[in-house]
Amino acid sequence: MQIKSRVHNEILYVLLCGELDEHSATYTRMTLDELFDKPNFRKIIIDLSELDFMDSTGIGVLIGRYKHMKDRNIPIFIANPSSHAEKIFKMTGLYSLMPKIV
Amino acid sequence: MKYSNFMEVTFKALSVNEGFARVCVASFCVQLNPSVDEITDIKTAVSEAVTNCVVHAYPTSVKGDVTLRCELEDDMVTVIVSDKGVGIKDISKAREPFYTSKPSAERSGMGFTVMESFMDDVQVFSNSFGTTVKMTKKIAVAPAVKVG
């Protein structure tokens, strides 16, 4: 898993590259928490265009980050999910917490 | 005559082996000419089953084995993932959507739901000597390409 990020117009853009499963979950969780701890943005967009694989462990990671940011009133949006990730998001209702940006 | 083939591998219940398990089954299933979506569904179900072994089967630091078997019968794929761990106390509860025995660990509790959604059938057998998950999926036969 590789995580790239940038802040533009008070939006934190995060690009997840690789595979999000149990093996990469701890690293992903820690890296996102470090990025999300910074005060210089008011909205987060997680771009999944380079995420090759995700299972339900990834859902747990994303919901955990949502809970952290909810306390700070910072919304998280999902961009460019694969059709496979989309299937899991719809099944778990993740879009009700993190809407998809079209 | 029925087409029949199988493979079986055993590996340690470590998360680093999840990717190996996924790729192993996907590579083996390619001989049935599945679609990309079908392969992704199978890989995801395998990942969920192996993750359960890694996270739940061996609660102590000593990790045991996971055996991954894949059987092909004509257009039917059967994946069997088994461990020799502590077993699942209540299988019905474990299969409920959003149920997790480790809520503090940020688990979604959707592993079995994902397996059931992506495969045609999922059976779970468990006792205090281990757990076996057996999943099947029928591969749609690709339409024949007309030549000439």
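Being more than 10 Å from every other protein chain (Cβ to nearest Cβ) and over 15 Å from the mean Cα position of the chain (by Cα) is the filter here, so list the residues in the stretch B:27-55 that pass it.
B:VAL30, B:GLN31, B:LEU32, B:ASN33, B:PRO34, B:SER35 - these are the residues of the stretch B:27-55 that are more than 10 Å from every other protein chain (Cβ to nearest Cβ) and over 15 Å from the mean Cα position of the chain (by Cα).
Determine whether A:LEU12 is in contact with a Cys (Cβ under 9 Å, 6 or more places away or on another chain), of a type in the set (A, V, I, L, M, F, W, C) and either at pLDDT 95 or above or surrounded by 15 or more Cβ atoms within 10 Å (Cβ to Cβ) (or both).
no
Does the stretch B:113-135 hold any residues that are surrounded by fewer than 23 Cβ atoms within 10 Å (Cβ to Cβ) and within 13 Å of chain A (Cβ to nearest Cβ), and which are they?
Across the stretch B:113-135, the qualifying residues are B:THR113, B:GLU116, B:SER117.
Is there any pair linking a residue in the stretch B:1-23 that is within 21 Å of B:VAL86 (Cα to Cα) to one that is polar (S, T, N, Q) and surrounded by 14 or more Cβ atoms within 10 Å (Cβ to Cβ), with Cβ under 6 Å and at least six apart or on different chains, and which?
B:THR10/B:THR67; B:PHE11/B:ASN17; B:GLU18/B:SER47
Is there a residue in the stretch A:55-62 that is in a loop (DSSP other than H, G, I, E, B), among the acidic types (Asp, Glu), under 22 Å from B:THR51 (Cα atoms) and in contact with a strand residue (DSSP E or B) (Cβ under 9 Å, 6 or more places away or on another chain)?
Yes, because at least one residue in the stretch A:55-62 is in a loop (DSSP other than H, G, I, E, B), among the acidic types (Asp, Glu), under 22 Å from B:THR51 (Cα atoms) and in contact with a strand residue (DSSP E or B) (Cβ under 9 Å, 6 or more places away or on another chain).
Name, by its number, the condition in (1) polar (S, T, N, Q); (2) at the interface with chain B (Cβ under 9 Å from one of its Cβ atoms); (3) in a loop (DSSP other than H, G, I, E, B) that does not hold for A:ASN40.
(2)
Could you list, in sequence order, the residues of the stretch B:1-23 that are modelled with pLDDT of 95 or more, hydroxyl-bearing (Ser, Thr, Tyr) and part of a loop (DSSP other than H, G, I, E, B)?
The answer is B:SER15, and nothing else.
Scan (1) within 23 Å of A:HIS84 (Cα to Cα); (2) modelled with pLDDT of 95 or more; (3) within 13 Å of chain A (Cβ to nearest Cβ) for the single condition B:VAL66 breaks and write down its number.
(1)
Please state which one of A:LEU32, A:LEU51 is surrounded by 15 or more Cβ atoms within 10 Å (Cβ to Cβ), in contact with a Leu (Cβ under 8 Å, 6 or more places away or on another chain), among the aliphatic types (A, V, I, L, M) and more than 9 Å from chain B (Cβ to nearest Cβ).
A:LEU51
Do you know which of the residues in the stretch B:1-26 that are more than 14 Å from the chain's Cα centre (by Cα) and basic (Lys, Arg) is surrounded by the most Cβ atoms within 10 Å (Cβ to Cβ)?
B:LYS12
Just give me the residues in the stretch A:63-81 being farther than 29 Å from B:VAL50 by Cβ and in a loop (DSSP other than H, G, I, E, B), in sequence order.
Within the stretch A:63-81, A:ARG72, A:ASN73, A:ILE74, A:PRO75 qualify.
Among the residues that make up the stretch A:83-102, is at least one of them more than 10 Å from the chain's Cα centre (by Cα) and assigned to a strand (DSSP E or B)?
Within the stretch A:83-102, one or more residues are more than 10 Å from the chain's Cα centre (by Cα) and assigned to a strand (DSSP E or B).
Of everything in the stretch A:79-88 that's touching a residue at least 24 places away in the same chain (Cβ under 8 Å) and more than 14 Å from A:LEU20 (Cα to Cα), which residue is farthest from the other protein chains (Cβ to nearest Cβ)?
Once the filter is applied, the top-ranked residue is A:ALA79.
Filter the stretch A:4-27 for residues that are part of a loop (DSSP other than H, G, I, E, B) and acidic (Asp, Glu); which is farthest from the other protein chains (Cβ to nearest Cβ)?
Out of the qualifying residues, it is A:GLU10.
The values are calculated or read from the model by the stated rules, or taken from the named source; none is laboratory data. The structure displayed is predicted, hence computed values, not measured ones. A quick note on method: Cβ atoms are made from the backbone with ideal geometry, for glycine too, and the neighbour counts reach across all protein chains shown.
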